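Only one structure is covered here, and it is reproduced in the block below.
Values quoted throughout were computed directly from the atomic coordinates according to the rules given, and no laboratory measurement underlies them. Computed from a prediction, not measured in an experiment: that's the story for all the values here. Cβ sites come from the backbone with ideal geometry, for glycine too, and all protein chains shown count toward neighbours.
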Amino acid sequence: MKWRFYWPLSWRIFFLVWFAMAMAVVLSNVAIQELARQERLQLEQRADLVKLAERAVMIRESGHPREAFRLLREQGERHHLRLLLVEGDNLRREPDRVRDRDREMPPPHRHGDFLDRQPFQPAVIEAPDGYRLIVWPQAGGDGWLDPRLFRSFELALTFLLITLACWWIARRISRPLRDVEETARSIAAGDGSLRVGDKIANRRDEIGALARAFNAMTDRLCTLLDRQQQLLRDISHDLRTPLARQRVAIELARDNSVGDPEILDSIQRQNERLEAMTAQILTLHRVGQQGQSMAQEPVNMTRVLNEVLQGATDYAEQQRVDCHLEIADEARNATVLGDEALIHRALDNVLQNALDHTPPDRAVNIHLMLTDRWLTCEIADQGPGVSEKDLPNLFEPFFRSDQARGGQGWGLGLAISHDIMQAHDGRISASNGLSGGLVVRLDWPVFT
């Protein structure tokens, strides 16, 4: 197996945010230095400052250095600039002399400390007689860069880069997780062939590990489900032959008056129950495998319901249960698209379940109505109903609620109806009636 470098997601996030902050500092410093250079060039080209430097030199050379200093201070306050006149190339030594000279001045006017505090190179304007005018901008002055703007720019750039880094991190995390979620939903809806894509599964972090584990789990579950379906199909198929032979043997024994008739009748009833259960399992498997390849033809629901009721007449009389059918006028000629035999089977299974759980001398009410382009059939019994916690599981294969444990059946009828409805793009649901009993609702899209 090829070794792959594993880069934990936590370290990716850490290094990306750290890199964004470092880049913000570097880029902001580069940008600020460039802005400061542009401002310095602008100050050095100002004609009024050149004339001011010439005038200050003239006053100083005439023996009035304090007057020159006062002029620069006044003009500096007027234009919000720091102005300092130095002689020759003594830029490094001048702050010491200025500091010594300004000790007699009030603290706000001492330029020596200000020189030491400036983070950027000042503008230098050449003046006559070897003098130079040193210029720094102040906040709100003629300089187009406010010193506070430097810090604001640095903070804004840092915020922008960190925001982009966090957005990129969130996108890198949320997109693959959303793909995994969509794949899980599709698999839960019945598409067992889907897997998380290789682009996500090949990631060298926790998300890639999650995707690979999810795919492995899905493969394992699908294999187990396939084996379960194969087992049920094989058992059902293998049972049909010996059951058919057993039925023939029972009939021959009865015809030849061999054995006790009551015992033979009991054996035959159990044989018929096993055959019915086998047929139910095969039908459940066939509907699940058939899907959209089933026959598609217009089916009149009124006619199918009448056929279902006619077929259940004998059983309803045996149970001493009445069946009441009500069909809305707009639903009498409504049709749905699908397999008539399967639709008949779905309705018959629901009706048989209602008859099984309705006490004698009670009734099963059937309503067919048309609502919002959906054809709805409600089958309501007058039995004990189902506990709320069992309602979501009624359509699971082999599930039997507490109230149904003593009845007949194997928990396959409603599961088959559920799969048939899904194959017809329909819906089936169950709820307890307001006056008791269970109400099963079947909805089909109307065919026009």
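I need the peptides 210-219, 348-357 ranked by packing, meaning the mean over residues of other C-beta atoms within 10 angstrom, with the highest value on top. Numbers along the way, then the final one.
On the way: 210-219: 15.8, 348-357: 22.6.
Listed from highest to lowest mean packing, they are 348-357, 210-219.
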Practice task
In nm, give the distance between the simple-model label positions of residue 252 and residue 51, each being 7 Å from the Cα along the Cα-to-Cβ direction.
Solution key: 13.4
Exercise for the section: In nm, give the distance between the simple-model label positions of residue 29 and residue 209, each being 7 Å from the Cα along the Cα-to-Cβ direction. Expected result: 3.7
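Using 1/(1 + (r/R0)^6) with R0 = 45 angstrom and r between the beta carbons of residue 191 and residue 313, what's the FRET efficiency to the nearest 0.05?
Details: r = 41 Å, r/R0 = 0.92.
FRET efficiency, residue 191 to residue 313: 0.60.
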Fill in the blank from the handout: FRET efficiency for residue 174 and residue 121 from the Cβ-Cβ distance with R0 = 45 Å, rounded to 0.05, comes out at 0.45
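Kirkwood Rh and Cα-based Rg: tell me the resulting Rg over Rh for the stretch 294-447, rounded to two decimals. Show your work: numbers first, answer last.
Values: Rg = 14.6 Å, Rh = 15.5 Å.
Using only Cα positions, Rg/Rh for the stretch 294-447 is 0.94.
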